[in-house]
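Participant: Please find one structure pasted underneath; my questions will follow.
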Amino acid sequence: MSFVEINNIGISFGGLHAVEDFYLRQEKGELYGLIGPNGAGKTTVFNLLTGVYKPDKGTFFLDGQNMTGKSTVELNKLGIARTFQNIRLFGNMTVLDNVKIGLHNQYRYSALTGVLRLPKYRSTERAMNEKAMELLDVLELGEERDHLASNLPYGKQRRLEIARAMATNPKYLLLDEPAAGMNPNETAELMQMIRFVRDHFDMTILLIEHDMKLVAGICEKVSVLDFGQLLCQGETSAVLKDPEVIKAYLGE
Amino acid sequence: MSERKNSERAKGFSLLKIVPSKSRGKLVTVLIPVVFFAVCALLVNLGVLRSHFAGLLVPLCYYIIMAVSLNFTVGILGELSLGHAGFMCIGAYVGGLFTLLTQDSITSAWIRFPIAILLGGLIAALAGFLIGVPILRLRGDYLAIVTLAFGEIVRNLVQNIYLSRDKAGLHFSFTNAIEPERLDPATNVDIMKGPMALNGISPDATLLISVILVVITIIVILNMVDSRAGRAIMSIRDNRIAAESTGINITKYKLIVFSLSAFFAGIAGVLFAHYSTVSPPKFDYNMSILILVFVVLGGVGNIRGSIIATAILYILPEVLRGFQSYRMLIYAIVLIVMMLLNNNERFNAWKKNTTERLTAWRKGLFRKKSGKEAE
């Protein structure tokens, strides 16, 4: 059994089949790309995998565990973390606090401990700060720790989202257009970071991206969606040469 | 279309200035009311301030508690609540009735009053929890309407309760006064008489106890904000969807906020009941709006701002009493000026600048001192 098994998952809104019979096999540690034209249903797949939508049919297994139909919070606790296409940070909070929210379920103390400032509060907060800084340093955000998240430039906001997702200690990381709005330099840096995160944290990553350089550069395999249907999948280099894929992207 | 409307609404609400809380300056926030009340008490004792002014200090305490606890819901959780007076009403009646019923058996106010405070707070918190459950799915305007209705329901319920005590025990009636033939005329004491005021509660709310409660409220809420739970609550305010997918249990934290906020409003109510006369019309929506005005003008999410704004806006109309007919005019002008200043970038920049300069100056002073010691 593969690490990630998505079997014929699908959802329709009214008469519109947003995603139909999507399937995917992903091994542990694999970097997998999900591509397709605008409106193909890529983000809908993410929403199905993170419990934002409940699938009409199909099943989803992660590491042998059935994840189908669970709530967003449960799925996060079971090891699925994501970033968002339209950045969703906690804008009025500092960069450090954004990551510490990601650590919420790993470092625990009761609300009363926090109010009474018991010793456990201090020790846990210190451990949280250390862990958060570790993640921020990986994504090169350490210097901005005390900035408000909404004051960060675009590229850094995207990286902060990745740091926050990483903080929830996921087994499976879903990145929704991580390089959108970045210049070529930033994208190159991001590619290195994603690779580092995969190798260093032993992460399995599924990413949506329009930047073909990024996809070709770091993804071992890709799936192509078009009109909610799986067009083809396989080794990146082979898929990107496929005439069907080129047709879907560029038209005839 | 409805989505666009929603986003517009969200935008409108975010225009209210949401100030990020910082752990620094927490001590200052606690010290401001302590020093203020200490100085006021001293001046009153010395005879500098009129005794009329002394009478404003305890009410100021419970209004500060109200404003700070409402700011917890509005500024930290980011949900507009228009029924805060309802929780105060519950606290006032629970605490007040407890004292009325027990002041013959428990004669020491030092034992009786803390129990009344705790009881009033807990019952109000329970009400906050119960109202919190059905409105979990509501947000924005819808939540505001339901909380407004809640406040009015509480007031109207209380307004219709008749309660009497005689040698046979307690007599209770709803909507109508209790028939005299049911009561023993010799020993009968009316406790609650519908819309009429609750009489005979011993005035236990001293300034000392009130200030202690203010300090407790501020410390609990500031510590809560600057902790694991507080971060989770603010994450819900900033982005609910992201909070959920980061594993934050929204239901749990919303209920914590509603209950805690109601708890402190209940305590403020108990203070109210033990200081001035309690009658249902005092807890109408005007009270809720008044508290909301304190919160908004002090800065949504800014606890220290709530304290200062409450002090200014509560004392001002009383100080202006000498001006008689111009009183409310000046009050209105102050409200408008505060609103304008709060949204003025140049004023905020000036404020920030001054604070930074003050901090730098203080640091420089400290450095000089420690430098001398090193020599």
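The values are calculated or read from the model by the stated rules, or taken from the named source; none is laboratory data. For clarity, every value in this text was computed on a predicted model and none was experimentally measured. All Cβ positions, glycine included, derive from the backbone under ideal geometry; neighbour counts span all protein chains shown. The accessibility values were calculated without ligands, DNA or RNA, using every heavy atom of the protein model including side chains. Shrake-Rupley method; radii C 1.70, N 1.55, O 1.52, S 1.80 Å.
Participant: Would you mind computing the Rg to Rh ratio of region A:103-210 from its alpha-carbon coordinates, Kirkwood style for Rh?
Facilitator: Computed over Cα atoms, the ratio is 1.03.
Participant: Also, I was wondering about something else. How many percent of DSSP beta bridges within the protein assembly as shown run antiparallel, rounded to 5? Don't skip to the answer; put the middle values down first.
Facilitator: Working: 32 of 48 bridges.
About 65 percent, rounded to the nearest 5.
Participant: With everything on Cα atoms, drop me the angle between helix B:57-71 and the longest principal axis of chain B, reported from 0 to 90° to the nearest 10.
Facilitator: Once rounded, the angle reads 70 degrees.
Participant: By how many nm would the segment from B:PHE129 to B:SER173 grow when fully extended, if each residue of separation counts as 0.36 nm and the alpha-carbon distance is taken off? Walk me through the numbers on the way to the answer.
Facilitator: Values: separation 44, 0.36 × 44 = 15.84 nm, distance 2.67 nm.
Residue separation times 0.36 nm, minus the Cα-Cα distance, leaves 13.2 nm.
Participant: How long are the semi-axes of the ellipsoid equivalent to region B:83-143, from square roots of 5 times the Cα gyration tensor eigenvalues, in whole Å, largest first? Don't skip to the answer; put the middle values down first.
Facilitator: On the way: eigenvalues 193, 17, 11 Å².
Equivalent-ellipsoid dimensions as semi-axes: 31, 9, 7 Å.
Participant: Could I ask something else about it? Where does the protein assembly as shown land on Rg/Rh, using Cα atoms and the Kirkwood Rh?
Facilitator: Values: Rg = 29.5 Å, Rh = 27.8 Å.
That ratio is 1.06, to two decimals.
Participant: What is the dipole size for chain B, taken about its Cα centre, with +1 at each Lys and Arg Cβ and -1 at each Asp and Glu Cβ, in debye to the nearest 20?
Facilitator: 1820
Participant: Could you give each residue of region B:300-314 its phi-based ³J(HN,Hα) in whole Hz, using Karplus coefficients 6.51, -1.76, 1.60 with θ = phi - 60°, and x for Gly or Pro?
Facilitator: 5, x, 9, 5, 4, x, 4, 5, 5, 4, 4, 4, 5, 6, 7
Participant: Count the DSSP beta bridges whose two residues both fall in region A:100-252, then state the antiparallel fraction as a percent rounded to the nearest 5.
Facilitator: Given both bridge residues lie in region A:100-252, the antiparallel proportion sits at roughly 55 percent.
Participant: Per residue, how much accessible area does chain A have with a 1.4 Å probe, in Å²?
Facilitator: For chain A, the solvent-accessible area averages 43 Å² per residue.
Participant: Work out, step by step, the length gained on full extension between A:ALA238 and A:ASP146: first 0.36 nm times the residue separation, then minus their alpha carbon distance; give nm to one decimal. Write out the running numbers ahead of the final one.
Facilitator: On the way: separation 92, 0.36 × 92 = 33.12 nm, distance 4.49 nm.
Gain on stretching A:ALA238 to A:ASP146: 28.6 nm.
Participant: In terms of the ratio Rg/(2.2 N^0.38 Å) built on C-alpha atoms, what value belongs to region B:21-116?
Facilitator: 1.38
Participant: Other chains' Cβ within 10 Å of B:217-229 residues: what's the mean?
Facilitator: Partner-chain Cβ atoms within 10 Å, mean over residues of B:217-229: 5.
Participant: When the chain is fully extended, how far beyond the present Cα-Cα distance does A:ARG25 get from A:HIS210, taking 0.36 nm per residue of separation?
Facilitator: 64.5 nm
Participant: Tell me, what does the Kirkwood hydrodynamic radius of chain B come to in angstroms if you use every pair of distinct C-alpha atoms? If you can, show how the numbers build up before the last one.
Facilitator: Numbers: mean 1/r = 0.0445 Å⁻¹.
Over chain B, the inverse of the mean reciprocal pair distance is 22.5 Å.
Participant: Output the 0 to 90 degree angle, nearest 10, between the alpha-carbon long axis of helix A:184-201 and the longest principal axis computed from the alpha carbons of chain A.
Facilitator: 70
Participant: How far apart, in nm, are the 7 Å Cα→Cβ label points at B:ARG137 and B:ARG321?
Facilitator: 5.1
Participant: Not counting ligands, DNA or RNA, and with a 1.4 Å probe, what is B:ILE248's accessible surface area in Å² rounded to the nearest 10?
Facilitator: My reading of the accessible area for B:ILE248 is about 0 Å².
Participant: With +1 on the Cβ of every Lys and Arg and -1 on the Cβ of every Asp and Glu, and nothing else charged, how large is the dipole of chain A about its Cα centre, in debye rounded to the nearest 20? Don't skip to the answer; put the middle values down first.
Facilitator: Details: 28 positive and 32 negative charges, 211 e Å.
The calculated dipole for chain A is roughly 1020 debye.
Participant: How many partner chain Cβ atoms sit within 10 Å of a residue's Cβ in peptide B:230-240, on average, as a whole number?
Facilitator: Neighbouring Cβ atoms belonging to other protein chains average 6 per residue here.
Participant: Next question, about the same structure. Working with all protein chains in place, sort A:MET182, A:MET67 by solvent-accessible area computed with a 1.4 Å probe, largest first. The partial results should precede the final answer.
Facilitator: On the way: A:MET182 25, A:MET67 5 Å².
Sorted descending by solvent-accessible area, the residues read A:MET182, A:MET67.
Participant: Starting from the 7 Å offset along Cα-to-Cβ, what nm value, one decimal, do you get for the label separation of A:GLU130 and B:ASP184?
Facilitator: 7.1
Participant: Using the scaling law 2.2 N^0.38 Å as the reference, what is the normalised Cα Rg of region B:195-235?
Facilitator: Output field value: 1.85.
Participant: So, R0 is 22 Å and r is the distance between the beta-carbons of B:THR355 and B:ILE219; what FRET efficiency does that work out to, to 0.05?
Facilitator: 0.50
Participant: So, one more: Amide H of A:LYS221 versus every other amide H placed in the peptide plane: which residues, excluding those fewer than 5 positions away on the same chain, fall under 5 Å?
Facilitator: Result for A:LYS221 returns A:LEU31, A:GLY33, A:THR236.
Participant: A further question on this structure: Give a residue-ordered list of calculated ³J(HN,Hα) values for region A:89-99 (Karplus: 6.51 cos²θ - 1.76 cosθ + 1.60, θ = phi - 60°; whole Hz; x for Gly, Pro).
Facilitator: 9, 8, x, 8, 10, 6, 4, 4, 5, 4, 6
Participant: Using protein heavy atoms only (no ligands, DNA or RNA), what is the total accessible area buried between B and A, 1.4 Å probe, nearest 100 Å²?
Facilitator: By this definition, chains B and A bury close to 2500 Å².
Participant: Measure of size requested: the Rg and Dmax of region A:94-138, with Cα atoms as the atom set and Å as the unit; please supply both.
Facilitator: 10.7, 34
Participant: If you don't mind, another one. Would you mind checking region B:306-337 for residues with the amide N under 15 Å from a putative spin-label position 7 Å along Cα→C-beta of B:ARG50?
Facilitator: Zone members listed by number: B:315-325, B:327.
Participant: At 1.4 Å probe size, with the rest of the protein present, what percent of the exposed accessible area of region B:203-343 is carbon and sulfur atoms?
Facilitator: 70
Participant: Which listed residue (B:ALA349, B:PRO195, B:LEU27) has the Cα farthest towards the positive end of the charge dipole for chain B, taking +1 on Lys and Arg C-beta and -1 on Asp and Glu C-beta about the Cα centre?
Facilitator: Going by the charge dipole, the pick is B:ALA349.
Participant: For the pair B:ILE212/A:LEU78, report the inter-label distance in nm, with labels modelled 7 Å from Cα in the Cβ direction.
Facilitator: Taking the two extended label points, one gets 5.1 nm.
Participant: How crowded by other chains is A:99-109, given as the mean number of beta carbons from other chains within 10 Å of each beta carbon?
Facilitator: On the way: counts 1, 4, 12, 4, 4, 10, 6, 1, 1, 1, 3.
Whole-number average of other-chain Cβ neighbours for A:99-109 is 4.
Participant: How large is the accessible surface per residue of region B:73-178, computed with a 1.4 Å probe and reported in Å² as a whole number?
Facilitator: 45
Participant: Rounding to the nearest 20 debye, state how big the charge dipole of region A:178-252 is about its Cα centre with +1 on each Lys and Arg Cβ and -1 on each Asp and Glu Cβ.
Facilitator: 40
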